[in-house]
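Notes follow once the structure below has been shown.
What follows draws every value from the coordinates through simple rules; no lab data is involved. For clarity, every value in this text was computed on a predicted model and none was experimentally measured. Heads up, the Cβs are rebuilt from the backbone with ideal geometry, glycines too, and the neighbour counts pull from every protein chain shown.
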Amino acid sequence: MTTNHQGHTVIIVHERLLRRNDDHLHISVAVTSDYFKEARKHYVTVWILSDWKSGKEHLTEPDKLIEMQWRGFDSLPHSLFLPWQQLLNS
């Protein structure tokens with residue numbers, strides 16, 4: 001499991017961040033592993049999922065994102081990056 005500079009796993013760090021906000025009720029973890037043959041790249045994605053009760057999304061890193069939206073799995077765009085497709089199929 002990958003750790004940050006303080007030795008915390010990615011799961012522990014995200015769990016702490018989500019638990020600071022009472023609007024997140026439940027946390028789940030999923031992992032997808034995808035190989036892109038033509039690009040010769042392998043992606044291992046650790047998904048941190050949580051239920052959400054209320055609140056407005058907001059950008060915490062505006063230099064890295066243009067927009068953020070809360071969406072249900074049933075309202076995602078049709079053209080998805082392969083790891084997203086794998087998550088939805090699992």
Going highest first, how would you order 76-86, 54-64, 31-41 by mean Cβ packing within 10 Å?
-> 76-86, 31-41, 54-64
Non-local amide H neighbours of residue 47 (under 5 Å, H modeled in plane, Pro and chain starts lacking H): which ones?
-> 30, 31, 32
With each label point set 7 Å from Cα along the Cα-Cβ vector, what nm distance links residue 58 and residue 88?
-> 3.0 nm
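By how many nm would the segment from residue 69 to residue 47 grow when fully extended, if each residue of separation counts as 0.36 nm and the alpha-carbon distance is taken off?
Fully extending the segment from residue 69 to residue 47 adds 6.2 nm.
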